[in-house]
1. If I ask for residues that are open to solvent by 80 Å² or more (accessible area, probe 1.4 Å), within 15 Å of S119 (Cβ to Cβ) and either in contact with a Cys (Cβ under 8 Å, 6 or more places away or on another chain) or hydroxyl-bearing (S, T, Y) (or both), which ones from region 19-77 would you list?
2. Quick check on my filter: what residues within region 118-145 are part of a helix (DSSP H, G or I) and without any contact (Cβ under 8 Å) to a residue 24 or more places away in the chain?
3. Which one is modelled with the highest pLDDT, of the residues in region 1-18 that are over 22 Å from I126 (Cβ atoms), open to solvent by 100 Å² or more (accessible area, probe 1.4 Å) and hydrophobic (A, V, I, L, M, F, W, C)?
Amino acid sequence: MMDSESITQVSVVTRFFRRLSQIYQQLLDTWTPYSAVRWIVTVLLLALYMLRVLLLQGWYIVTYALGIYHLNLLIAFLTPKVDPGLQEDMDDGPGLPTKASEEFRPFIRRLPEFKFWYSATKAIMIAMACTFFDAFNIPVFWPILLLYFFTLFCITMKRQIKHMLKYGYLPWTRGKTIYHGKEDSGKVIQVK
């Protein structure tokens, strides 16, 4: 049976972690609109990680796992939320237009940009933490891992590009669409 003092201890610990969680969420909410800054920080973290791996001459298996995880995130980012290949069979919801006469439907990603950034940054931080423990420094012949990663990257991206061409979607936009109305004749019409 718990006495009142241990219940107070539990609630203090619970309140501490709840407050810590709120501060963390507030920090994430503050960073949300600044996508360019977020990605610059992530690239700098990745460069710092790569510099650490190069200087320490180890942890190649961790780096390989990080690369595979980032590739998986990239594929989810480039893929539509609803796969058009599966939708042809089911046909129970909106899909991507395949003809010019069909209605425009916006591209909805399987993995939104913020979650992509958050997962990639978290993975870099975890990989960085792994470099502080010798247990993760497994001796491997790194050129084979590098060759295998690039082969996997090329095969996966080829498959993704074929999927994009087959179903006619682009996972990015070229900027804001500008609509042009009727040309201005320059004459001012006064209503009396």
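The values are calculated or read from the model by the stated rules, or taken from the named source; none is laboratory data. As the structure is a prediction and not an experimental result, all values here were calculated from the model. Quick reminder, even Gly has a Cβ in these numbers, built from the backbone with ideal geometry, and neighbours come from all protein chains shown. Heavy atoms of the whole protein, side chains included, go into the accessibility calculation; ligands, DNA and RNA do not. Shrake-Rupley method; radii C 1.70, N 1.55, O 1.52, S 1.80 Å.
1. Correct list: Y69 only.
2. K122, I126, A129, D134, A135, P143, I144
3. Checked region 1-18; the qualifying residue modelled with the highest pLDDT is F16.
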